[in-house]
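Input: a single structure, listed below in structure tokens.
Values quoted throughout were computed directly from the atomic coordinates according to the rules given, and no laboratory measurement underlies them. For clarity, every value in this text was computed on a predicted model and none was experimentally measured. FYI the Cβ positions are ideal-geometry reconstructions off the backbone, even for glycines, and counts take in every protein chain you see.
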Amino acid sequence: MTSTTFVQSNNNNIIEGIGNTPLIELKSFSTDKVKIFAKLEWFNPFGSVKDRAALWMIKDAEERKILKKDKSIIIEPTSGNTGIALTGIASHLGYKVEIVIPEKVSEETKNILRKLGATLHETSDDLCPRVGAGTDQSIALAYAISKPRPDTYYMPNQYDNDSNYLAHYQSTGPEIWKQTHGKVTHFFTGCGTGGTITGTGTYLKEKDDNIQVVAIQAQKNHLLQGLRNFEESAKPDLFLRREKVVDEWYTATNEKSFEMVKTLAEKENILVGPSSGSVMASMYDHIKNHNEGIFVGIFADDGRKFQSLYLQQNLFSAEEYNKYLTNCRLLPSLIYQ
Ligand SMILES: Cc1ncc(COP(=O)(O)O)c(C=O)c1O
């Protein structure tokens, strides 16, 4: 088994830099029999796993001639990463972007979006008390803006767009299969729209039906940006269509996820986003029940968007955060320049 070295992809062509992210072994967690690997999705040019879905959705709309250069506005409800990816890719290709976003998303995320050129529409739980989770309100608002103006607006709708699934079926899945030389036994990922789990999980199971697919949801009332709790918030249609790919569910608590964020910084020298802490918590809990295996978890984004959250949660002091920021293996990603 080889783990990819930390080489920055050639971003002269930004679009070509999407995918082929490194898979690294987390040696402080691996045991003699169970090897733990993380796929570092923040190596994508716009900093997260969502670059893949955004690219596939935009390309699909271009192929279907829905988008017109310098005229179309892409509008999307998102808790951050899809918005960042869509804005980065769309600006590169000559489209404007408007993002509908729950106001509780971190300020760092919103600032990145504004800097990349997106217009933000914020939704608040107070305005929409019935659902409360934010994202569902964002979907409704994005529809309200875009539906009456089909000549101007295009809403990819990651929650129901099969290109989101296909992105992972055609890229994340094959990469993991290749990087583990077909030896992966368990696949772990957090779930937002369900694109990552259904696309990657379907591909891997087609290769080897014994591969176990573990879906991670957040606890209720959570602080784990990018994840959902599926009692609080409905499962998206995209997910429902291929839900049977999931073998097992794991519910990540804020507490365990943040604890793992800290452990990963201390022991593995990586500063991850909260949802990677959730994935790590799930892999860690599974180690004791398995005598052998090759576990692969998706680490969807890094910790650079979460300084305010981490300090507010007393996870790190400002000095610690800066130390990890300096020492950790992070890329000088486009979105932090
Ligand atoms: C920050 C973040 N964004 C997105 C995702 C994946 O979401 P989706 O189910 O929409 O593919 C995850 C999953 O871990 C995540 O942590």
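Kindly provide the set of residues from the stretch 202-234 that are within 13 Å of the ligand (Cβ to nearest atom), more than 20 Å from residue 303 (Cβ to Cβ) and among the aliphatic types (A, V, I, L, M), ordered by number. Within the stretch 202-234, 213, 214, 215 qualify. Residues in the stretch 249-270 that are among the aliphatic types (A, V, I, L, M) and outside any helix (DSSP H, G or I): 252, 270.
Scanning the stretch 69-83 for residues that are more than 10 Å from the ligand (Cβ to nearest atom) and either closer than 20 Å to residue 104 by Cα or surrounded by 24 or more Cβ atoms within 10 Å (Cβ to Cβ) (or both) turns up 74, 75, 76, 77, 83. Could you please let me know if residue 35 is away from the ligand (no atom under 13 Å from the Cβ) and surrounded by fewer than 20 Cβ atoms within 10 Å (Cβ to Cβ)? Criteria not met by residue 35. Summed over the stretch 294-320, the residues that are over 20 Å from residue 79 (Cα atoms) and crowded, with 19+ Cβ neighbours inside 10 Å give a count of 6. In the stretch 184-223, the qualifying residues are those that are in a loop (DSSP other than H, G, I, E, B) and within 24 Å of residue 18 (Cα to Cα), and the one that is farthest from the chain's Cα centre (by Cα) is 184.
Summed over the stretch 271-324, the residues that are within 16 Å of the ligand (Cβ to nearest atom) and assigned to a loop (DSSP other than H, G, I, E, B) give a count of 4.
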